[in-house]
Amino acid sequence: MTTTSSHSAVTAPEAAHKRSVSQKVGIGISVLVGAFLVFDAAGKLANVQQVKEGTAALGFPPGQALIMGIVLSICVLVYAIPRTAVLGALGITAYLGGAVTANMRVEAPLFSTVLFAVYFGVLMWVGVVLRRPGLLRVAGITR
C-alpha cells in the first residue's frame, strides 16, 4: 500500500538545485555582512580620527575603539570560518547588542541609528540560516 504525500513531488536534482541556490544567496549575504564588519573593525584598529570622535560621542574613551576593533575582528574571523560561523554569529550578535545599547544611551534616532544593528544582525542570521538550513531545526522553528 502506498501513501501519497501532500507535498508536491520534487525530484532530487531539483531539490539539490534549490538548496544550492539558497546556499549561494546565504554565502553572498554573509560575504557582504563580513565585508562591512571588516571595514568597521579596520577603522577601529587603524585608530582613524572619525572613529575616535564617534566613540567619544557615544560616551566611551577614544582608546576603547582599539579594544572594540580587536573583539570585532576575532568575531568576524570566527564567523568567516564555515565550521565556526554560528559561534562567530553569536559573538557578532552580542557586539551588535552593545551597539544598540550605546546608541540608546545617547538617544540616537531609533529607526535609522539604534535599530540599524538589529536590522544588520537579522540580515547576518538570514545569511547563516540560508547557508545552514538545519539551524532552523535546532532553534525549534522547523521539524
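Observations
- Segment Ala46-Val126, length gained on full extension (0.36 nm per residue, minus Cα span): 25.8 nm
- Using the rule -39500 (n - 2.57) for each DSSP H run of four or more residues, divided by the residues of the chain, the 222 nm mean residue ellipticity is -23500 deg cm²/dmol.
- Calculated FRET efficiency, Phe39 to Glu107, Cβ-Cβ distance, R0 = 35 Å: about 0.85 to the nearest 0.05.
- Farthest toward the positive end of the dipole of region 19-138, out of Ser112, Ile27, Val71, is the Cα of Ile27, where the dipole comes from beta carbon charges about the Cα centre.
- Counting only alpha carbon atoms, the long axis of helix 85-105 and the longest principal axis of the chain meet at about 40°.
- Using alpha-carbon coordinates, inclination of helix 64-80 to the longest axis of the chain, degrees: 10
- Student exercise, region 19-138 dipole from Lys, Arg, Asp, Glu Cβ charges, in Debye to nearest 20: 560
- Across the chain, Cα-Cα pairs farther apart than 18 Å form 64% of the total.
- Here the relative contact order of the chain, from alpha carbon pairs under 8 Å that lie six or more residues apart, stands at 28 percent.
- Highest mean packing first, where packing is the average number of other Cβ atoms within 10 Å per residue, the peptides 76-83, 117-124 line up as 117-124, 76-83.
- Against the chain, whose longest principal axis comes from its Cα atoms, helix 12-45 is set at around 0 degrees.
- In plain terms, the residue of Lys52, Lys44 with the fewest other Cβ atoms within 10 Å comes first and the most crowded comes last, giving Lys52, Lys44.
Read-outs throughout are calculated quantities, based only on the coordinates presented, and are distinct from any laboratory measurement. Bear in mind that the values here come from a model prediction, so they are computed numbers and not experimental data. Every residue, glycine as well, gets a Cβ built from its backbone with ideal geometry; the counts of neighbours run over all protein chains shown.
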